[in-house]
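Okay, so here's the structure we're looking at.
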Amino acid sequence: MPVPPVPSAGGSKNNTMAKKAAIVTLGCRLNHADSALLTSRLRNLGYELVPSGSSGPFDLVLINSCAVTAEAVRKSRQALRQFRKKYPDATIVVAGCAALNAKQQLLDDGADCVFGNNGKKQLADFLDNYSTAENDNWKSVFFEESFSSFPFRSRAFIKIQEGCNNFCTYCIVPHVRGRERSRSFEEALSDCRNAVEAGFPEIILTGVNTCAYNDNGRTLADFIRAAASIDGDFRIRLSSTEPNFKNIGLLDVMAETPKVCRFLHISLQHGDNRVLKRMNRHYSTEEFADFVSRARKLMPDIHIGTDVIAGFPGETDEEFESSLEFIRKTGFSNTHVFTYSRRPGTPAADYPGQIPENIKSLRSAAIREIAKESAVKFAQSMISKKLSVIFEQTRNGMISGWSGNYLAIAEKEGSFPTGKIVEVTANRNNLAILNDMEQDPI
């Protein structure tokens, strides 16, 4: 935009010769929310935050890493090696999920200091002493003792929840993020209020599973209502949710709260009940379909996104075709397709019937083909409808941004302001997905 950053708790030190720091964020929206908190902590330590893509030099580079797949760990290590080679004198810190999953490899790659997700709150201690012991204690309700800062973003990622109790058989996340816990209701709400006061038009509530939010009986529904009551012209977007019946009341809250985006990202992972059981997912395809059906009934223009894994161990041709048909029938607005990645330490890594890479690739491609068709169909269904859009970027004489129901919209530069919620009528020319097949996306 630019957007003024949110002042961190306590402000930052006034130092005309401040050391320069950059944060590299890999992975999920929760990592982006963590990076916003790390930004405030670095500012409190007197660092000047600069974009990681700037020319440098940097005194400190903090890589907020990801480990959800083997490829994510590889990218985290690659980023470390690239920064170490380019800035040999910089202090390089690696934090987050890969830091727990591949600590020794990261040290071998040149990191000065490596710590996991709990250690992010101990950043000052680690910078003072690389050998600081990471605090592995946690409570069901936690405080970050910091507020989020977003110097280079147009949307505010607010962390409200951490950890997961599901222990899906393929997933490393509970091992690197810990058990479910929730951020203090008051602290998280203050973080949202700061972001609105700073001028951010969209707040994204993030967690490993935001639906698990619970601060002494105050649930995600309660938090949404409280956040929506903040004065200002802004909207609220939820990150990933679970399709369990215990969460179905959330749909009513969304439907009756205009500030909440008509958007849900609900992880399916597989469209066959036999595979879901082996994955230790806690629902059936029938329950999933009922959840989606209710969401669409309450909010007809809602964007339903999902995650799907191709090539889970033991996946037969019949199970794959069953999953493919369920994905086709459900008609997702957006589908993230993951080729199964073997994660040491998870039960599925030792399952028999590991699928060959070439078969996994073919199955992933088949899902992506259906996903593209469904995404186009959803966009086409929005033609002639008025959408609330926040334009964020300018490029080649065009401005681009996202609608409340998560469609990329592009218009001529100057036709709408950036950084504000505006009403735009969707058409074949401004819906980016309908033009990506003919021209480069903006």
Q | Solvent-accessible surface (1.4 angstrom probe) belonging to S55, in square angstrom, nearest 10 | A | 100 Å²
Q | Paramagnetic label zone (point 7 Å from Cα along Cα-to-C-beta, I248; backbone N under 19 Å) in region 325-364 | A | 330
(Q) How large is the accessible surface of E357 in square angstrom, using a 1.4 angstrom probe and rounding to the nearest 10? (A) 110 Å²
Q | Under 11 Å, Cβ to Cβ, from Y340 - net charge with Lys/Arg +1 and Asp/Glu -1 | A | +2
Q) Once phi is turned into ³J(HN,Hα) by the Karplus curve 6.51 cos²θ - 1.76 cosθ + 1.60 with θ = phi - 60°, what whole-Hz value does each residue of region 315-328 show in order, with x for glycine and proline? A) 5, 7, 4, 5, 5, 5, 5, 4, 5, 4, 5, 5, 4, 4
Q. For region 82-199, max minus min Cα coordinate along each principal axis, in Å, sorted largest first?
A. 40, 38, 26
Q: Taking 7 Å along the Cα-to-C-beta vector as the label spot, tell me the K85-K103 distance in nanometres, rounded to one decimal.
A: 2.8 nm
Q: Grab the beta carbon distance between S415 and E369, set R0 = 22 Å, and tell me the FRET efficiency rounded to 0.05.
A: 0.05
(Q) Can you classify region 377-437 as rounded, prolate or oblate using the Cα gyration tensor, where a ≥ b ≥ c are the square roots of its eigenvalues, rounded means a/c under 1.5, and otherwise it's prolate if a/b beats b/c and oblate if not? (A) oblate
Q) Using heavy-atom solvent-accessible surface (probe 1.4 Å) with all chains present, what is the largest-first order of K259, K329? A) K329, K259
Q | Contour minus Cα-Cα distance for K19 and H282 (0.36 nm per residue) | A | 89.9 nm
Q | Sequence-distant lysines (8 or more away, or on other chains) whose Cα lies within less than 22 Å of K259 | A | K159, K297, K385, K386, K420
**Q.** Calculated P(r) tail over 36 Å for the chain, as whole % of Cα pairs
**A.** 28 percent
(Q) Can you list, by residue number, the Cys in the chain that have no neighbouring cysteine C-beta under 4.7 Å? (A) C28, C66, C97, C113, C164, C192, C211, C261
Q. Considering the Cα trace of region 311-424, what is its radius of gyration and what is Dmax, both in angstroms?
A. 19.6, 58
(Q) Give me the one-decimal nm value for the distance between modelled label points at R74 and R218, 7 Å along each residue's Cα-to-Cβ direction. (A) 4.5 nm
Q) Taking H as built 1.01 Å from N, whose amide H comes closer than 5 Å to the amide H of E413, not counting residues under 5 places away? A) M398, I399
Q: Can you work out the PRE-style zone for E256? Point 7 Å along Cα to Cβ, and I want the residues of region 281-315 with backbone N under 19 Å.
A: 294-300
Q: May I ask which residue of A228, P243, A188 lies farthest towards the positive end of the charge dipole of region 187-260, with charges of +1 (Lys, Arg) and -1 (Asp, Glu) on Cβ and the Cα centre as origin?
A: P243
(Q) Let me cross-check R395: its accessible surface, 1.4 Å probe, with only protein heavy atoms counted, in Å² to the nearest 10? (A) 130 Å²
Q. Tell me, what is the per residue accessible area of the chain in Å², probe radius 1.4 Å?
A. 44 Å²
Q. Where does each of S54, S364 land when they are ordered by accessible area, with a 1.4 Å probe and the largest first?
A. S54, S364
(Q) What are the ³J(HN,Hα) couplings of region 178-187, residue after residue, when phi is run through the Karplus curve with 6.51, -1.76, 1.60 and θ = phi - 60°? Round to Hz, x for glycine and proline. (A) x, 7, 4, 7, 10, 6, 3, 3, 5, 5
Q. For region 42-133, rounded, prolate or oblate, judged on the Cα gyration tensor with a ≥ b ≥ c (square roots of eigenvalues), a/c < 1.5 rounded, else prolate if a/b > b/c?
A. oblate
Q) Roughly how many percent of the accessible protein surface of region 245-399 is carbon and sulfur, given a 1.4 Å probe and a whole-percent answer? A) 52 percent
(Q) Place a point 7 Å from Cα of R296 in the direction of its Cβ. Which residues in region 319-349 have their backbone N less than 15 Å from it? (A) 325-335
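The values are calculated or read from the model by the stated rules, or taken from the named source; none is laboratory data. Fair warning: this is a prediction, and the values are worked out from it, not measured in the lab. Note that we place each Cβ from the backbone using ideal geometry, even for glycine, and neighbour counts take in every protein chain shown. Heads up: the accessible areas ignore ligands, DNA and RNA and are worked out on the full protein's heavy atoms, side chains in. Shrake-Rupley method; radii C 1.70, N 1.55, O 1.52, S 1.80 Å.
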